[in-house]
Structures are given as structure tokens and as C-alpha cells.
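The values are calculated or read from the model by the stated rules, or taken from the named source; none is laboratory data. Remember, it's a predicted structure, so these values are computed and weren't measured experimentally. For neighbour counting, all protein chains shown are included, and Cβ atoms are generated from backbone atoms with ideal geometry for every residue, glycine included.
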Amino acid sequence: MTNQHPITPPRELQDQWFYEAQELDRTSSHYVPSRYYIATQAALWGADQELEACCEEMKSLPSPLGIPFGAMASNALRAARRPKPPSDKEMALAELDRLIALIPTEGAMAMAEPIRKVLEALPND
């Protein structure tokens, strides 16, 4: 049987998912049946292929007033549909803000300020 659908993972990728699923079966403490792992990987791959096709199509849209609208819209769509997780630095700063809110005294704020300066000086991941 030949699958002619335009969004079909290459055989090598399917094999890779199969072997990854077998490895998870042997090593993971959280059992996930192989078929679910493979189905999830295929769905993610297909969604990424569709997103990239949509972004490429948007890039070819005519640009009103000479503004590169298509490329900007494509980048905005990609950022909205595949947001990057917060960096360790962003998560640490958010946790520091939560800690400060839990201890609303001048002393806590003074103690937290050196920590904030160090965190803010770190490069973004």
C-alpha cells in the first residue's frame, strides 16, 4: 500500500520514531505505549510541516505600500503557533518576583535586589 498524501513522514523518520518508542519502553519509568508515542511524533511533525507551508505561502503575499507584510506576517504566525518556552533566566526572575510578593517587607526587597542584578546580568538562553 502506498500513501500518496503530501504530508507523510519519510520512512527514515518513521523508523526513528519506532526505535525511540522501543527505547522508551525499555528505559522510561512512565509507560507510554509505543503507538501513542509514534502517533504523537507524527502529529507534531505534520503540524510543523503545515505551519511551514503556511508561512512560506504568506511570504509570497503582495506587500502593501512596499512594507514586507508577508514575511512579517509569516514570522508573527510562527511565533504565535510555536512560542519559545521561557528561559531559565526568565523563570528565575519570575520566581524571585513571586518570592518578593510573599514577603512584602523592605528587608526582603533589599535582600532580593542583589539576586535580581545577577539574574538580569546573565545572558538569555
* To do: Return a yes/no flag: does segment 60-76 have any residue that is loosely packed, with under 12 Cβ neighbours inside 10 Å and at pLDDT 85 or above.
  => no
* Structure fact -> Restricting attention to segment 100-121, the residues that are exposed (fewer than 13 other Cβ atoms within 10 Å of the Cβ) and either assigned by TED's automatic domain parsing to the domain that holds L44 or in a helix (DSSP H, G or I) (or both) number exactly 12
* Output yes when any residue across segment 79-92 is modelled with pLDDT of 85 or more, in contact with a Lys or Arg (Cβ under 8 Å, 6 or more places away or on another chain), surrounded by 10 or more Cβ atoms within 10 Å (Cβ to Cβ) and on the phi < 0 side of the Ramachandran plot, and no when none is. => no
* Structure fact -> With the first residue restricted to segment 75-94 and required to be over 30 Å from A53 (Cβ atoms), and the second required to be of a type in the set (D, E), Cβ contacts under 7 Å at 6 or more apart or on different chains are D88/D125; K89/D125
* From Y19, Y31, Y36, residue being aromatic (F, W, Y), over 25 Å from R82 (Cα atoms) and at pLDDT below 90 -> Y31
